[in-house]
Every structure is written in structure tokens, then in C-alpha cells.
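Below is one structure, written out as C-alpha cells; comments come after it.
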Amino acid sequence: MAKILVIDDDSMLCEMLTRKFRLMEHEVVCSLCLNDGMKVALEGAFDVVYLDVRLPDGNGLEALPTIREASSAPEVVIMTGKGDPDGAELAMKNGAWDYIEKPSSMNMMILPLVRALQYREAKMQVKPVVALKREGIVGSSQKMQTCLDAVAQAAASDVNALVSGASGTGKELIAWAIHNNSARAGQNFVVVDCASLTETLVESVLFGHVRGAYTGADKAHEGLIRQANGGTLFLDEVGELTFSIQKSFLRVLQEHRFRPLGSKVEVTSDFRLVAATNRDLGRMVKDGNFRGDLLYRLQAFSVEMPVLRERQEDIPELSLHYMMKFCERYGMEIKGLSPELFEMLMTYEWPGNVRELVQAIDRMIAAARYDSVLVPKHLPMRIRVHMARASMTRDDKYKQEISGEETTKHGGPAQMTRRKDDPVKTVPEREAPAQGDSAPPVDINLPKWQDFRDDILTQGEKKYLQHLLALSGDNLKKACEISGMSRSRLYELLKKYQLTISA
């Protein structure tokens, strides 16, 4: 028996699905609005969720990622009364099991449930895999766990893989993890910097050359593709390849055969291809800047890296990891992180992602060489300035909003008089954006900023304390030295999060 949740404002459809699913001996719960449905989904252990798109209090597609991240990781079947190709694409990218139109026959409504339950049952029967080698990959958030699951799947096969994501998110680390967890681990991992390849050097760099192939070629050179034989060829920033180089590489990718420059015979290379990009290759194909046939071969398997602001709960672990790494590198005692610094690290948006955080930690360790605790003043000046300006902007905006409310409330400048012959001017109400506008939709479930901030800070504090206890070996004195906290403050936080430590 499975647990099924139906979130739809059509009460007749809910009753019909409930009746049918119960006849199939499943447990069914219905919610007529998104807000209630989200609460039920996150609190209950459901196997499958049927989710409507257009609900009175929100859009089901926007809630899909949150529902997928529930503890039971339910499969989600999206239902819509209006077919929308873009909506279907978004649903699939966000992890939906299926996307069906209403009205559909009962068989069409039931089939996704049957397939999803079969899939979940088969997945439960699979034996657990050995621990994933994740050297250098730090983080245990749901976003990172999703990436690591994809790494494990990619490593279990030999198909081409494409790792995409913004600069600084750690795409090369993911490529290394795919290689190190595959059957090719131990063989060469050859990196090709696609941004540095030029028309004149590409053949020699990739394919190699024989002696005398051109002026100055006094000895043979084995190209990068040949060096990757038996191992992995990693194309870093593959979106930077020129169109002509893409064409040259396509045949090699298809047949794994090529001719070194100046040679009369072809050679082979048994390599596994992993590529990475920070660009939208699909858009580049539409714009005519990237070959569609090459993209199809590159993305046989895809891994999408999240930006750091989407995995904020990993910031404490990342900060501690790199703090210890740099202290060891520079021969320093391990330093603590003050609560004020910790809060700034959690609040800053990190546009440069993990790379920017790592550079900031490195800079702070250098600035705090003789200090035992890292504090906000050790942050790079550009980050401190950005945070200060952002704080002032928020305060000014808040004051303006309060001032506007007070002025209107007490009849201040908002009640301006006009001369008898002045034309009447009215201030139009703010119009809702048209359907085609790009203004972001309002999420009725978005928490208050303070609540959101408190929740993130709570998660971060608890993870920090857990790492602190592990690092100090549950020794109170050492924990105080590392963290820079007093005994009373540390005891207070440990009691708050129900953690224990030896005296």
C-alpha cells in the first residue's frame, strides 16, 4: 500500500482520484489549496504527489522542488488544465515524474502512479553502493546530495557526461569525482582548456604530430586525446570552442579515431568524455554558435551544479574545511570563527560561489596570522564594503516605506491641494504584470525575511557546533579556543541544540 497526496482545487477530481486510488488499496490525502498541500507534503511520508499547476494560492510548478526535497522524496505527477510546453520542460527539469493534461481518461491518470510505484519499489531493492569518493567536495545539503547522486549514476556507466553550472561552483571537482568513482579510476584524467585552444594550435594540441610535421617539430608529440586513452578526457569550458574546432572534434567523439598532424595513418583512443560549461549550450545552439549534434553527444548524462546561495546550509562546513586546510598549509594553529563573522558568511550572497568563499577564507587566514579568532574585520574589504552598502540600502528603503505609510496615514504631503484650473491627475494603481512579462511571480508561501534568516542561522549554528565538537574531540577547553566563545556561551548553545561535551 502506498501513500498518495492529491493537491488540486477541483473537489470533484479529488473525490474521483481518491475513490479510484482507495480501490487500488492505497492511502489517499487531498488538499484543495497549495499552502495546505505543502504543509501536508512536508509533514507526511508520501510516495506519490499529484500536483495541480494553477491553484488559488500559488503555482504548483514553483512548489515542485520543495515537495521533491521532502524526507520521503515523493515522485510528483504534475496536472494542468492547459497544455504548456515551457511548463512541461520546467516540470521535468525540477524532477517531476510525469506531466499530464486535464481532463484525461482515468487510465491516463493512473498509469503514472503505477509506473512511479514500480520504480520506487525497484529502487528500494537495489543494494547500497560503496561510499562515494568525493575528495574536495564539501557539503551535505539536499542540493549537493542530488549532485552526488548524479555523480554516482554517471560513474556507474561509460557514457559522455556534461557538468553545467555558474563559474566557481566546482565543476572540475565533480568531473574528477565521476572519473575517480568509475571503472577508469587510476587511469589518466586529461584536462583540455577549451578557452585556450586556437585555430593554429588545436590539431597539434588535441591530435598530436609526428616529427617534421611543420617547421620546428623536431620530435613527435602525443596529443591530449591520445594521452586520455583508457582514462577520461575532460573538456573544461566546452562552450568556448570555436565552431570550426567543434567540427574537428565531433568525428573524434563519434569514432574515437583521429590522424596526428603530418601522419599518414589514423590512431585510436579509448577515452571517456566529461565536459563542463558555465554557458547555456541550448541557447547557443539556437543562436547558431554551437553545434546541435555535438551537444547531443556531450549531454548523454547531465549534472547541474547549484550556486552557493542555493546551498547556504553548506557554508559552515565549507568555511571550517578551508579554514583548517589553510591553517595547516601555513603552519598555523587552527582558528575560531566568531558568531558575527559566521552571520556575515551566511548573509552574503557569494556571487563568485564556492571559489569566492575559498579565496575569502584564504585572505582572512593571511590577515589574521597572529589572531586566534576570525572576525568580520578579517574579511576582504570588498565584501565588507558590499555588506555595509547593502545594509544601508535596506535601512533607507525601510525608512522610506515607513515614512510613506506615516505620511499617508496622518495626511501629510500625500494630501496635496490644486488650483481650480489644474487638471485632475490621478496616480494609477500598480498594475499586475501581463502574462508575458518577466516579473517574478509572488510565492504566497515565502516566509518573512527574519523568519527565513533565523531558520538558516539556526541550521548553520547547529552544524557549526557539530563540527566544532568533532574537531575538538569533545574537549571543552579546546572547543572554546577554536570557536573564540566563552564557556558560558558555548554551554548555552550546546544546551539549545541538545548537544553534549566533556569538561
### Query
Given R₀ = 30 Å, FRET efficiency for S488-D451 by Cβ-Cβ distance, to 0.05?
0.60
### Task
Enumerate the amide H contacts of M305 below 5 Å, restricted to partners 5 or more residues apart or on another chain; note that Pro and chain-start residues carry no placed amide H.
S164, G165
### Query
How much length, in nm to one decimal, is gained on full extension between R211 and A156, taken as 0.36 nm per residue of separation minus their Cα-Cα distance?
15.9 nm
#### Entry: Filter on K143/K335; K143/K171; K335/K477; K133/K463 - keep pairs with C-alpha separation over 25 Å
K143/K335
### Query
Of all DSSP beta bridges in the chain, what percent run antiparallel (nearest 5)?
15
### Residue-by-residue Karplus 3J(HN,Hα) for segment 22-33, coefficients 6.51, -1.76, 1.60, Hz, glycine and proline x
5, 5, 8, 6, 10, 8, 10, 10, 10, 10, 9, 9
#### Entry: Where only C-alpha atoms are counted, convex hull volume of segment 142-304 per residue in Å³
109
### Query
What list of ³J(HN,Hα) values in whole Hz, one per residue of segment 298-304 in order, does the Karplus curve 6.51 cos²θ - 1.76 cosθ + 1.60 (θ = phi - 60°) give from phi, with Gly and Pro shown as x?
5, 9, 4, 9, 10, 10, 9
### Rg over Rh [alpha-carbon atoms, Kirkwood Rh] for the chain
1.03
## Note on the structure
The summed charge of the N181 Cβ neighbourhood (under 9 Å; Lys/Arg +1, Asp/Glu -1) stands at +2
### Message
Using 0.36 nm times the number of residues separating V373 and K286, minus their current alpha carbon distance, what extension gain do you get?
### Response
26.1 nm
### Query
Beyond 18 Å, what percent of the Cα pairs of segment 3-109 remain?
41
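No lab work stands behind these numbers, since they all come straight from the coordinates. If you're wondering where the values come from, they're calculated on a predicted model, not measured in any experiment. Neighbour counts are summed over all protein chains in view; Cβ atoms, including those assigned to glycine, are modelled from backbone coordinates with ideal geometry.
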